[in-house]
Amino acid sequence: MKGFLFSTRRHDPQDAQVDSHRLMIRAGLIEKLGAGLYHILPMGLRSLRKIENIIRQEIDRTGAYEFELPILVPASLWQKSGRYDIMGKELFRIKDRHDNWNVLGPTHEETFTDLLSNLIKSYKELPINVYQIHTKFRDEIRPRYGVIRSREFIMKDAYSFHIDQESLNQTYQDMRLAYRRIFARTGLETIPVEADTGAMGGSGSEEFMVPSQIGEETLLLNESRSYRSNQEKTPVVYSDLNVDDFSKINIQDVENQLKKIHTPSTQTIDSLATFLNRDTKKLLKTILYRAYYSDQQIETVMILIRGDRQLHEIKLKNYLGAIEVLPASNSDFENIGSAVGFAGPLHLKKQVRIIFDMSVATNEKWVTGANQVDYHYDNFYPVMISQDWHKQLIDVSLAVEGDLSPDGNGVLMSIKGIEVGHIFKLGDKYTKAMSMTVLNESQKPIHPIMGCYGIGLNRTMATVIEQNFDDKGIVWPITVAPFEIVLVDICKTGDERIRTEKLYQQLIDAGFDLLWDNRDLRPGVKFNDAELIGFPIRLTVGKTFFESGKVEVMIRKSGKKTEIGETQLVDELHRIREQLIKELPKLPTSATS
Ligand code: ATP
Ligand code: MG
């Protein structure tokens, strides 16, 4: 392209906390409109389109069909699935002129299922996989990191429909392979990890994570990587629990041992451990939570967990089947006759549901709160609450680095990651809710089962930059650069311009993705912009070219410069292109490789 809109900036934007955000603004790829809202400028759009094309090619290869659905969806569809009430404020809701409520689609399970129920009538038409690449809205509570977490973004979202699990598994694996190929082609190394299935329901799910310091997700992996999981999903495995020997403890024997002890100013587990000079593992932590349910019920629950472990809210929420769980307020403590910092399960004024975390599965005695300021009980045994307490052990503890790997191979280490994609086995939740049936072989109507598969395009683009930059700017992988090659001229005369134009035309005719920066600016400014925007290959034509036909070729990534004669230039550029493609992550050939 001859000339283009450059909107580069000299200074870092004030609100950028991460490099990709900073560089996207400085390179003139995006511009901010408001919180979590970004304009995509022509230079940025070219990259985004390249990512889109890679995604489209790979998803089409799996046999999926591309659609485009309205972004605005009648609220009735979301009410039908039950998510209208569950989704909370992340769901944009708007009323139209007829006073009807609508939502701006944050995802499209409801809409696609509703549509497909009109299109598909027989098992013979299954499996089918449908997708779109389209705008999504989510009123994120904390939009941040530029387009990594924005309120409007583009997603490739696909939904597959199946007659049985085997067919779903097959498509799931095909999509898994497509994802691995997509990310490799954009230059990203991804780790697929097991993910929480939470409110979406469903049986299996993996997130595609790019390891990064700025990642909002925590991944737990063992050394051989035979176990890979999101921290949200990782069960905690204990080596030091004697889980089968509880019958030995008799209530009568232990009740007499219970002793109230004065423990002034020991609201926290650490201060109590210091005061008593005991390991936090010997102290029972009592946590009070409020659970909110979709039928408007609110429940106070008490969680007993070993002093050295943290409660994991998502596990608690999933176990309770709640929409939301929040730490209890001071008044909740008062209501049950307890005291903040000194709570415990004994002698409460009002009974609450008590949840025993796996970590308390031991025969040993504990110190626990006495529900009175500055007092604890020593020699507490869970059997004092219920004979059957050990039958209700639940894992609500946050898995952390150093825990045993749940697959039995070594211990876990933790790394941060950015989630760029997500694949999910949904089951029949949506086909049931949206009343989608097809006739099976014996002409009986059944609900198909589904899978869903998402990739955030803008987040992927930002993540590519997060992984590929230096102090001069972005270093694009050649596959997703706005232009593969930039031609910078240092022309002084009209003749030189004509000569450059000829070279430019020759390269365009040879099919290169080439931008000629023909702005009338000092060479230094153009060089800086070329490096900031990060075109993989830079061609410079100056004095040497006009005198002896030699073009300077510089590789952005290595900084290496060579001079190539005009006659070899086309061949040499093909060779360099191929070399840069070879340097990308290897294309996987099977879903599990
Ligand atoms: P997160 O946990 O980061 O909020 P999510 O689990 O809500 O992500 P999905 O609903 O699985 O995400 O959406 C699929 C993909 O859409 C994500 O993998 C991510 O690439 C992208 N995505 C989700 N939310 C945003 C957002 N607010 N801004 C940009 N991209 C997003
Ligand atoms: Mg989200």
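Assuming charge only on the beta carbon of Lys and Arg (+1) and of Asp and Glu (-1), the dipole of the range 446-536 about its Cα centre is about 100 debye to the nearest 20. With respect to the chain, whose longest principal axis is taken over its alpha-carbon atoms, helix 109-119 is tilted by about 70°.
Which number do you get for Rg(Cα) / (2.2 N^0.38 Å) in the range 7-150? Write out the running numbers ahead of the final one.
Working: Rg = 18.6 Å, N = 144, 2.2 N^0.38 = 14.5 Å.
Here the Cα radius of gyration is 1.28 times the empirical estimate.
Among the trypsin sites (Lys or Arg not before Pro) in the range 332-430, which ones are in a DSSP loop with at most 16 other Cβ atoms within 10 Å of the Cβ? Mind listing them?
Values: sites: LYS349, LYS350, ARG353, LYS365, LYS391, LYS416, LYS425, LYS429; in loops: LYS349, LYS350, LYS365.
Answer in residue order: LYS349, LYS350.
The amide H of LEU515, built 1.01 Å from its N in the peptide plane, has ILE485, VAL486, LEU487 as neighbours under 5 Å, considering only residues 5 or more places off or on other chains.
Here the range 1-81 was treated as a single set of alpha-carbon atoms; its pair distances binned every 10 Å from 0 give 14, 30, 27, 24, 5, 0 percent.
Please report, in debye to the nearest 20, how large the charge dipole of the range 381-451 is about its Cα centre when each Lys and Arg carries +1 at its beta carbon and each Asp and Glu carries -1 there.
It works out to roughly 360 debye.
Give me Rg/Rg_expected for the range 126-271, where Rg uses Cα atoms only and Rg_expected = 2.2 N^0.38 Å with N residues. Each step should come with its number before you reach the end.
Numbers: Rg = 23.6 Å, N = 146, 2.2 N^0.38 = 14.6 Å.
Taking N as the residue count of the range 126-271, the ratio is 1.61.
For the range 36-84 versus the range 221-241, the inter-centroid distance based on Cα atoms is 34 Å.
Taking only C-alpha pairs under 8 Å that are 6+ residues apart, what is the relative contact order of the range 30-146 in percent?
31
Of the listed peptides 273-280, 25-32, 159-166, what is their order by residue-averaged count of other C-beta atoms within 10 Å, with the highest listed first? Intermediate values should be presented prior to the final figure.
On the way: 273-280: 13.4, 25-32: 22.2, 159-166: 20.2.
Averaged packing, sorted descending, gives the order 25-32, 159-166, 273-280.
Computed over protein heavy atoms with a 1.4 angstrom probe, the accessible surface ordering of TYR293, TYR179, largest first, is TYR293, TYR179. Around the amide H of GLU217, modelled in the peptide plane, lie the amide H atoms of GLY417, GLU419, all under 5 Å away and 5 or more residues distant in sequence or on another chain.
From Cα pairs below 8 angstrom and at least 6 apart in sequence, can you work out the relative contact order of the chain, rounded to a whole percent? Walk me through the intermediate numbers first.
Values: 1205 pairs, mean separation 107.1, N = 593.
Taking the mean separation of contacting Cα pairs over the length of the chain, I get 18 percent.
Among residues other than ALA27 with Cβ under 9 Å from its Cβ, the summed charge is +1 (Lys and Arg +1, Asp and Glu -1). In the assembled protein chains, LYS260 presents an accessible area of approximately 100 Å² (probe radius 1.4 Å). For the range 29-144, with all protein chains in place and a probe radius of 1.4 Å, 51% of the accessible heavy-atom surface sits on carbon or sulfur. Residue-normalised convex hull volume from the C-alpha trace of the range 230-364: 143 Å³ per residue. Entry for the chain at q = 0.12 Å⁻¹: log10 I(q)/I(0) = -1.21, Debye formula applied to identical alpha-carbon scatterers, no solvent contribution. When peptides 333-340, 397-404 are sorted by average Cβ neighbour count within 10 Å, with the highest value leading, the order is 397-404, 333-340.
Quick one: Debye curve from the alpha-carbon atoms of the range 433-569 only, equal weights, vacuum; give me log10 I(q)/I(0) at q = 0.14 Å⁻¹ to two decimals. The Debye formula, applied to the Cα set alone, gives -0.69. Ligands, DNA and RNA left out, the 1.4 Å accessible surface of the range 313-422 is 50% carbon and sulfur atoms.
Could you give the accessible area per residue of the chain, probe 1.4 Å, as a whole number in Å²? Intermediate values should be presented prior to the final figure.
Working: 27360 Å² over 593 residues.
Computed with neighbouring chains in place, this is 46 Å² per residue.
Using only Cα atoms, what Kirkwood radius does the range 356-454 have, in angstroms?
19.3
The values are calculated or read from the model by the stated rules, or taken from the named source; none is laboratory data. The structure displayed is predicted, hence computed values, not measured ones. Cβ coordinates were reconstructed from backbone atoms using ideal geometry, including for glycine residues, and neighbour counts include every protein chain displayed. Each accessible area value is taken on the protein alone, full model and side chains, heavy atoms only, with ligands, DNA and RNA left out. Shrake-Rupley method; radii C 1.70, N 1.55, O 1.52, S 1.80 Å.
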